[in-house]
Each structure stands twice: as structure tokens, then as C-alpha cells.
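Below is one structure. I have some questions about it.
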Amino acid sequence: MNLLFLAPAAGRKRAVAVETRRALDDGHTVVLIAEAGVNREGWDLDPRVDVEWLDANTLNATEARSTALLARRLPLGLLRRVGRGPLRRPADKAARQWKRTVTGLLDQRRRRETEAMREAHRLDRVRARLAAAEPDWVVLCESAAIELATEFVPDLLAARPDLRATYAYEPREGADGDR
């Protein structure tokens, strides 16, 4: 059987490593789609596992240079320069107010754009790997995988009703004649 383990948040590294090893020992082919971020340590995966790293955490939404210059550098630099003299307290207060009202909103927008970009990247990579691997069993290893799976599992199950989707690898002996 072809198994696809999905761990987009990489929160249960040790459990995923144990479950993939058990699946391999039971004679299955295993593909793992996981988010590694900057640290791929701690997985302790069996070398037989075919791993696809998402690397979505390396994506960041960028800010226009003009926005960075006009909304951040110039006003805050001017307030910092004015704050060196006797107007330190009013300049500090104005800088805090500017950060709260202007740059805070810009940061919130950029965080939303970054998260949307990362989510789209994860979804595209998972869909492409699903098409290539054609799994018989999809193991959604963590809650982030379940959230991501809501985008593609219903269509996948409608197209392939014999597909198994579980939260963990739990072999069922004799249920389908396979293990």
C-alpha cells in the first residue's frame, strides 16, 4: 500500500518517525510531506522514507521600498533625531504612537499576506505530490494537517472512495485483506 503522511507544522516529529518506520516495517511504501523550516534536525527518519520538505516558512511577503522609506525610516528617523535633545519625551511618545497606528497596521497586513502565501504554497505542493504519489492511505499526522486537508480531501475521497484517511498509522489486520 502507498501511504502519504502529512505533517505541515512538524509538531510531532518523533511520533511521525515512529509511525513511518512501523509502516515501512509492515511492507508499505511511505511518502512524508513535512515542514522543516530551518531546522531539519530531530526527525530521526528511516532512510527508506521518501520525504518532501515544504519549506513554506522561508516565504515572506515583501514591503515596497517606498512604503518602508515613507512610513518607517523617514518618520521614525526624524523622531529619533528630534528626541536627542530636550524634546525627548514628546518625540518618544510620538514614535510610539506612529508605530502603533501606522507601522503596526502595515505589519499586520504583511503577516496576513505572508500567511496566505505560505498556505497557498503548502496546498500547491501537497496537491502536486498527491497527484504524483497516488496514495492508498493518507495519514494526517497533526491538527495543522487536518486544517490543510479540508481543502483537498473531500474532492480526493469523492474521486477515490477506497482511499483511507486517518489521524495516525493504525494497521487494521484483515479489514481489507491487506495489512
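The values are calculated or read from the model by the stated rules, or taken from the named source; none is laboratory data. No experiment lies behind these values; they were computed from the predicted model shown. Neighbour counts run over all protein chains shown; Cβ positions are idealised from the backbone, glycine included. In case anyone asks, the SASA skips ligands and DNA or RNA and just uses the protein heavy atoms, side chains included. Shrake-Rupley method; radii C 1.70, N 1.55, O 1.52, S 1.80 Å.
Could you say whether any residue in the stretch 6-14 is farther than 19 Å from Arg127 by Cα, in contact with a Phe, Trp or Tyr (Cβ under 8 Å, 6 or more places away or on another chain) and either open to solvent by 60 Å² or more (accessible area, probe 1.4 Å) or of a type in the set (A, V, I, L, M, F, W, C) (or both)?
Checked the stretch 6-14: no residue is farther than 19 Å from Arg127 by Cα, in contact with a Phe, Trp or Tyr (Cβ under 8 Å, 6 or more places away or on another chain) and either open to solvent by 60 Å² or more (accessible area, probe 1.4 Å) or of a type in the set (A, V, I, L, M, F, W, C) (or both).
Take the conditions at negative phi, open to solvent by 50 Å² or more (accessible area, probe 1.4 Å) and modelled with pLDDT of 90 or more and apply them to Arg65. Does it pass?
For Arg65, the condition - at negative phi, open to solvent by 50 Å² or more (accessible area, probe 1.4 Å) and modelled with pLDDT of 90 or more - is met.
Report the residue count in the stretch 25-41 for those that are modelled with pLDDT of 90 or more and surrounded by fewer than 17 Cβ atoms within 10 Å (Cβ to Cβ).
4
Could you figure out which of (1) loosely packed, with under 14 Cβ neighbours inside 10 Å; (2) farther than 21 Å from Leu32 by Cβ isn't true of Thr166?
Condition (2) is where Thr166 drops out.
Picking from Leu130, Leu123, Leu76, which residue would you name as being modelled with pLDDT of 90 or more, under 24 Å from Arg164 (Cβ atoms), touching a helix residue (DSSP H, G or I) at 6+ places or on another chain (Cβ under 8 Å) and surrounded by 15 or more Cβ atoms within 10 Å (Cβ to Cβ)?
Every option except Leu123 fails the conditions.
Find all pairs meeting these conditions: Cβ atoms under 9 angstrom apart; at least six residues apart or on different chains; first residue within the stretch 118-135 and farther than 11 Å from Phe152 by Cα; second residue of a type in the set (S, T, N, Q) and at pLDDT 90 or above.
That search, which allows pairs on different chains as well, returns Arg118/Asn60; Ala133/Asn2; Ala133/Thr29; Glu134/Asn2; Pro135/Asn2; Pro135/Thr29.
While we're here: Among the listed residues Trp53, Trp98, identify the single one that is open to solvent by 50 Å² or more (accessible area, probe 1.4 Å), of a type outside the set (A, V, I, L, M) and in contact with a Pro (Cβ under 8 Å, 6 or more places away or on another chain).
Exactly one of Trp53, Trp98 is open to solvent by 50 Å² or more (accessible area, probe 1.4 Å), of a type outside the set (A, V, I, L, M) and in contact with a Pro (Cβ under 8 Å, 6 or more places away or on another chain), namely Trp98.
Take Arg110 and tell me if it is of a type outside the set (Gly, Ala, Ser), more than 30 Å from Val30 (Cβ to Cβ), in contact (Cβ under 8 Å) with a residue 12 or more places away in the chain and open to solvent by 60 Å² or more (accessible area, probe 1.4 Å).
It is true that Arg110 is of a type outside the set (Gly, Ala, Ser), more than 30 Å from Val30 (Cβ to Cβ), in contact (Cβ under 8 Å) with a residue 12 or more places away in the chain and open to solvent by 60 Å² or more (accessible area, probe 1.4 Å).
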